[in-house]
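Engineer: A single structure is presented below for examination.
Quick note: the coordinates plus some simple rules give every number you see, no bench work behind them. Only a predicted model underlies this, so the values are computations on that prediction, with no experimental measurement involved. Please note: Cβ atoms are built from the backbone with ideal geometry, for glycine as well, and neighbour counts cover all protein chains shown.
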């Protein structure tokens with residue numbers, strides 16, 4: 001018997017930040033658009049679930065690679081959007097991949113909780129079923145609890 | 001013993017086109033950007049592999065839903081891009097999903113052959129490994145064979 005606490009139910013994968021040179025070689029492969037942005041798809045690393053798509057500027061890519069926590073650029077708020085900063089629903093980075101044209105990134109992540117601001121696990125919850133556009137997944141968390149009453153109705157955070 | 005031919009090694013999933021009303025209800029949920037485009041992620045429906053990301057205009061979404069074969073909009077060629085039309089590497093649609101904000105689609109597909117114009121199965125083949133940006137997947141097909149010598153070096157088709 002020891003006082004060693006139990007490990008948490010799930011520990012995010014270990015993350016080793018790349019060197020500055022490695023980080024720059026990835027950044028050099030990215031073709032930021034006229035607004036300085038690149039699309040980034042977030043995929044749960046083990047299940048393959050596609051969670052969301054958002055945008056990054058150069059600083060967001062750098063911060064994501066350095067900290068191992070995914071940081072986007074919010075086009076509506078015009079600033080860095082540290083995923084989970086207000087909601088607690090962090091995305092831990094496993095690997096950041098660059099596509100053939102350099103205009104899309106694929107972030108393999110471990111998503112704590114839910115990725116979508118509606119409280120759903122992922123954002124792609126509408127599809128045609130039985131002849132009409134249907135909600136195919138329900139919220140796992142209350143959006144008001146994620147953002148607080150003052151932020152209810154807010155977009156992603 | 002019969003003359004019945006053997007089934008193909010893999011038959012694409014059956015696809016039932018939605019009614020015009022169902023198709024329009026999905027289109028109504030899409031927020032096309034200032035250029036009339038929406039981002040679309042293609043994911044292999046059974047393995048979860050993220051294959052590529054490209055753009056669709058309204059006509060491409062309609063054609064994709066109607067035909068069950070994925071059709072994008074090529075920003076470089078400024079026209080519809082029927083995936084696989086020149087390369088034979090068709091994407092058969094299983095389901096098209098719309099995200100919470102309506103600005104990204106997720107197409108669950110069956111990809112015949114390879115999705116990437118480099119001959120790789122998917123486009124996301126570069127990542128930092130061992131301290132440098134590394135090619136983590138090799139071509140399964142020769143790009144010259146996909147597009148013919150005249151088109152070698154061409155972008156996606």
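Engineer: Rg and Dmax of chain B over Cα atoms: what are they, in angstrom?
Structural biologist: Looking at chain B, its Cα Rg and Dmax stand at 17.1, 61 Å.
Engineer: Apply 1/(1 + (r/R0)^6) to the Cβ-Cβ distance of residue B:74 and residue A:80, taking R0 = 30 Å, and write down the FRET efficiency to the nearest 0.05.
Structural biologist: Details: r = 32 Å, r/R0 = 1.06.
Efficiency computed from Cβ-Cβ geometry: 0.40.
Engineer: On the rotation axis linking copies A and B, which residue of A comes nearest by its Cβ, and by how many whole Å?
Structural biologist: Reported as residue, whole Å: A:48, 1.
Engineer: For the pair residue A:66/residue B:46, report the inter-label distance in nm, with labels modelled 7 Å from Cα in the Cβ direction.
Structural biologist: 4.5 nm
Engineer: Provide the FRET efficiency to the nearest 0.05 for the residue B:32-residue B:130 pair, computing r from the beta carbons and using R0 = 45 Å.
Structural biologist: So the FRET efficiency works out to roughly 0.60.
Engineer: Another question, then. How many Å³ per residue does the convex hull of the Cα positions in the protein assembly as shown occupy? Mind showing how you got there, number by number?
Structural biologist: Values: hull volume 66.0 nm³, N = 314.
With only Cα atoms used, the protein assembly as shown gives 210 Å³ per residue.
Engineer: Treating the point 7 Å from Cα along Cα-beta-carbon as the label, what are the nm separations from residue A:35 to the other copies, to one decimal?
Structural biologist: Counterpart label points of residue A:35 in the remaining copies fall at 1.1 nm.
Engineer: Residue B:134 label points, 7 Å along Cα→Cβ, one per copy: pairwise distances from this copy to the rest in nm, shortest first?
Structural biologist: In nanometres, ordered from closest: 4.4.
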